[in-house]
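Everything below concerns the one structure shown next.
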Amino acid sequence: MHDDKILGYQPGNSFIHHLNATTKLIFLILVSIACMVTYDTRFLAVICLFSLICLKIAGIKWKQVSFVVNFIIVFAIINIIAVFIFQPTYGQDLYQTKHVLISAGYFTVTQEELFYLLNVILKYICSIPLVLLFLLTTNPSQFASSLNKIGVSYKIAYAVSLALRYIPTVQTDYWEISAAQQARGNELSKKAHLVKRIKGTLNIVMPLIFSSLDRIDIISTAMQLRRFGSKKKRTWYVYEPFQLKDYLVTALAFILVLVVVVLWHVNSGRFFNPFR
Amino acid sequence: MNKPIIQFKDFSFKYDSQADPTLKHINLEINPGEKILLAGPSGSGKSTIGRCLNGLIPNVDHGELKGTCLVNGKDITKASLFDLSFTTSTILQDSDSQFIGMTVGEDIAFSLENDCFTRETIHQNVDRWATELKLKDLLKQAPQTLSGGQKQMVVLAGVLVDESPILLFDEPLANLDPATGLKTIQLIDQIQKEVNATVIIIEHRVEEVLARHVDRIVLISDGEIIADKAPNALLHQDLLESVGVRSPLYIKALEKAGVDLKQLPDISSIDALPEEKNIAEKLQSWENKQVPPKQKTEKQPLLTLKNVGHRYNKLQKHPLHDVNLTINQGDFVSIVGQNGAGKTTLCRIICGFIENEGQAFFKDQNLADLSIKERAEKIGYVMQDPNQMISQKMIFDEVALGLRLRNVPEEEIKDRVYQTLKVCGLYAFRKWPISALSFGQKKRVTIASILVLEPELIILDEPTAGQDWKTYTDIMNFLRELNQRDKTIMIVTHDMHLMLEYSKRSLAFANGQLIADTKPIDLLTNADLVKEASLKQTSLFELAKHYNLTDPNAFVQAYIDSEEASQHA
Amino acid sequence: MNQKGLSVKSVVAIGIGTAIYVILARFTSIPTGIPNTNIEIVYPFLALLATIYGPIVGFSVGFIGHALSDFLMYGQTWWSWVLATAILGLIIGLYSRKLDLEHGVFTGKQMFFFNLIQLIANLISYVVIAPIGDILIYSEPANKVFLQGVTATATDFIAILILGTILLKAYAATKVKKGSLHKD
Ligand SMILES: Nc1ncnc2c1ncn2[C@@H]1O[C@H](COP(=O)(O)OP(=O)(O)OP(=O)(O)O)[C@@H](O)[C@H]1O
Ligand SMILES: Nc1ncnc2c1ncn2[C@@H]1O[C@H](COP(=O)(O)OP(=O)(O)OP(=O)(O)O)[C@@H](O)[C@H]1O
Ligand SMILES: [Mg+2]
Ligand SMILES: [Mg+2]
């Protein structure tokens, strides 16, 4: 009801749902780094297609992600326009050639610039479906244990787990406090002027923050009473052992990284340059 | 021969921020395998003693400490929290904020994970306790989707997996429905026998705890131990009520009927009472003497609910649905039912915090047309969890908040706030910050902050959980007084006696449904309803049965009538 | 307890701090009326948390909080900006040793220096780290990213200047003086 549009785990039964969280995490990290590093259009295009297919396999519905995707489209367009406005010659600097399409003084459009912008867009389309996929198909508690598995210290992993555990709680608290404030007669309408709006927000945010600070004390005592942090390791109730498919998917991720390294050599750099 | 496992010697403790010590010259020895009930009024220092046993004092709460306290041979000033955590397992009072894991299963497993047990062992243990405590269906649920009582059971399981020599329960019953409360007490008893643990229970609901054998009751008042006796010996004295702790109802009934308690060898449970004819006669003749007070009639409908319900999510098994009822002006209604039945959900719907599937009318006004704020001008709601209501730092400001937002002149605010603080037993603390209050005191602050507004309809969600008898009576009498001034009151409660004594009408919920809307006494006479809504007969009823009185229900009614009459006098 | 590495309290502070960060980032931007410029409460909150719990918590909450809230809302993040926020938390956290909020002290002079430090921290984070990161990682044009950096510095500085100072002051006020409470 409270337009709580935050992406979160949606239980399901697809192949991707059944992959180990650690596998998905490794895959996500490696492939996003690969996509971040390379500007090879062919590689980006393949990954794009691949991740869109994965979304389909996981059975994710458009309405689950539409708000995010709409936002990203708007954001990507603004960003691309900004890049163009600030430096329309950026493409030709990168690719060292100049094929003019529309000659318009400062805003001269070149093939190089358009090609560069195409790469920027492709980069968005590559990583976003993968992240969406990860967020929507990974059980958050398994996520924490998988962080620990790939070498993050268990304390940090648990901190992340606590964060995921408390996001819904803090969200509920936020609405409860807001409701409780209104029930006491606090008007929180959007029509008020700025100072009033700031005051109104502070009236919810302050109790939220201060009660959460108290909660930090209480939770940390409760955790100490149950011996958190007493050993160098800990085990995880939710941990799932690796299966064959997990090894295979992990291997695929490493292969993709390898491809990027090879491409770097072939292109002698980050950029694939069709103009030379 | 037994060396005490817990030993306080002339022990005093003062929290840093306090001017006076909270615990004064405590001398107490507890032997291994003993079962102790720690009782005393709210704010007397019970939780503070508990915090010494698990090492939170002095490791987390700093203060001035005199004398010694040894737990399992370790001096608490020298032992770390970690050392003591193997000795003492604690259920903190505020079970809501003690829930650590992301799901029920993980929370139960938490300490096992930290001890690095293998995955298989952990799963076995979790399964075992989840089955024992009937939590199996909830294992995958997240904490914010549990009701107050369900959370408490999970926290209990999380502590029991540990199997430590000392088990400390700080108000384990506060949020549980009567039947579950009784089961919990039986369970604690059974576990103690299995692992031969030392058990310390802090509770206001003395009678419930005494349903199973207890070795000693330690009574605390204002930071001092004023009695340390076997239950029978303590009950023979008139100590409990003099410090504001409620003594078992059946004992009060015996006293009222003029039975001389000193003549009875064992009064620690109803079964132990001698089955003498003359006691039965005394009870019967006392019953016959009571006259029911006059009932008001002629009522105007105030709140009408039509097909009211709410479903939190698709997975929910028994969402609240199809509630149809009318609350009349001047009603005093109690809402009862099993944990997770949907009582709090109903309150939230009425106040507009969550959506309503059906329709609700206040007088002739459709509530759907009103914002939360507009509803609040007519309906005041005291939430179950006090932490969600408190927004100010100082007690006075918190209680005054609603009046200030309604632009009441500051002079009048002061009068009204002080008046309400007195009712809630908080006047002595009026200049304190809320952070220095005990749990029960915090809850009272939230009650005060609604009572001060005197709305037409007041809804209280378990106002008496964690309150001692004296404050409880003060608050309830004030509500009764408001009720006589034609305010309408709805109370969610797990306290059967409260329901009988104060409310005129009961709504019982089970599995998201309204299963009964009737007089309290009729609710408890119906064995099916009692079972379905997870309720329990009071000990008055048991007493009447024990002495074969002709009509046990009439006896219960007589007792209530006499209480009400004495309040009016 | 022989506590190696992070204390339990820091772990919890990072966890719950991050949760609050995400919720504040999602729900509490106050529009100023100027398009695309909001007053963000997250940065003042980060300043408060870093001041109470120190640089490690400040860094971690900045890092995890920023990354997580981006992912949960937009499905992606900009690592250079994540790092910048983390450094902001780190620097303010380092300064916390000079403050004594735990005992309810927050003088005018401390207020001044706190805001000076947060200005410097903002400059380092959003005029140096974030833009340079954008250029190195994402190969974006320099003048675009520096302009974004300057705008971010200005709005964050003002948010912390006003709301951050209020929060710190309010926090100091919740601390009770030793031996000050008695019933009357
Ligand atoms: N952290 C604290 N700092 C200062 N004073 C405290 C603190 N905790 C408790 N006190 C004070 O110590 C007294 C005893 O508190 P305690 O929590 O032990 O009461 P209690 O007997 O458990 O009450 P309740 O039944 O309401 O839980 C109270 O008056 C309270 O104000
Ligand atoms: N925010 C929520 N999201 C999902 N499910 C919820 C939420 N809050 C409560 N529930 C579920 O709704 C049901 C009714 O909860 P509610 O809090 O109304 O119970 P209750 O009758 O007040 O119980 P108690 O006596 O234990 O407080 C429970 O089964 C609970 O698990
Ligand atoms: Mg207590
Ligand atoms: Mg409830």
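Throughout, read-outs are computed from the coordinates displayed, never taken from laboratory work. Because the structure is a prediction, the values reported are computed rather than measured. As a convention, Cβ positions derive from the backbone with ideal geometry for all residues, glycine included, and neighbour counts pool all protein chains shown.
Quick notes
- Once both labels are positioned 7 Å from their Cα atoms along Cα-to-Cβ, the gap between residue B:355 and residue B:183 label points is 3.3 nm.
- Between the Cα long axis of helix C:142-159 and the first principal axis of chain C there is an angle of about 20°, rounded to the nearest 10.
- With R₀ fixed at 45 Å, the C-beta to C-beta distance from residue A:254 to residue A:75 puts the FRET efficiency at about 0.90.
- The antiparallel fraction among DSSP beta bridges confined to the protein assembly as shown stands at about 55%.
- 26 Å Cα-Cα reach of residue B:262 towards lysines, excluding residues that sit fewer than 8 places from it in its own chain: B:35, B:229, B:252, B:277, B:282, B:289, B:470, B:545
- Counting lysine pairs in the range A:1-145 whose alpha carbons fall under 25 angstrom apart, excluding pairs fewer than 8 residues apart on the same chain, gives 13.
- Report summary: the helix-based calculation at 222 nm, which adds -39500 (n - 2.57) for every DSSP H run with n ≥ 4 and divides by the residues of chain A, gives -24000 deg cm²/dmol.
- Semi-axes of the equivalent ellipsoid of the range B:156-285 are 29, 17, 13 Å, computed as sqrt(5λ) over the eigenvalues of the C-alpha gyration tensor in descending order.
- Radius of gyration and maximum dimension Dmax of chain A, Cα, Å: 23.8, 72
- Nearest-0.05 FRET efficiency for residue A:243 and residue B:473, computed from C-beta distance (R0 51 Å): 0.20
- Euclidean distance of C-alpha centroids, the range A:156-171 and the range C:113-184, integer Å: 23 Å
- Pairs over the 20 Å Cα-Cα cut-off, from the set A:155/B:140; B:14/C:169; A:199/B:373: A:155/B:140; B:14/C:169.
- Label-point separation, residue C:123 to residue C:100 (7 Å along Cα→Cβ), nm: 3.0 nm
- The residue B:277 and residue B:427 beta-carbon pair, evaluated with R₀ = 56 Å, returns a calculated FRET efficiency of approximately 0.70.
- For the Cα trace of the range A:140-237, dividing Rg by the Kirkwood Rh returns an Rg/Rh value of 1.14.
- Dimensions of chain C from C-alpha coordinates, computed as largest minus smallest value along each principal axis and given longest first, are 65, 41, 29 Å.
- Each residue of the range B:103-115 is assigned a 3J(HN,Hα), and the resulting list reads 9, 4, x, 5, 5, 4, 7, 3, 6, 5, 4, 5, 8 Hz, derived from the Karplus form 6.51 cos²θ - 1.76 cosθ + 1.60 (θ = phi - 60°), x at Gly and Pro.
- Cα-Cα over 20 Å, subset of B:9/B:66; A:149/A:231; B:431/C:177; A:231/B:136: A:231/B:136
- Residue C:173 paired with residue B:519, simple spin-label distance in nm, labels 7 Å along Cα-to-beta-carbon: 5.4 nm
- Full-stretch length increase - residue B:196, residue B:484 - with 0.36 nm per residue and alpha-carbon distance subtracted: 98.5 nm
- Extension gain, residue B:299 to residue B:232: 0.36 nm times the residue separation minus the Cα-Cα distance gives 19.4 nm.
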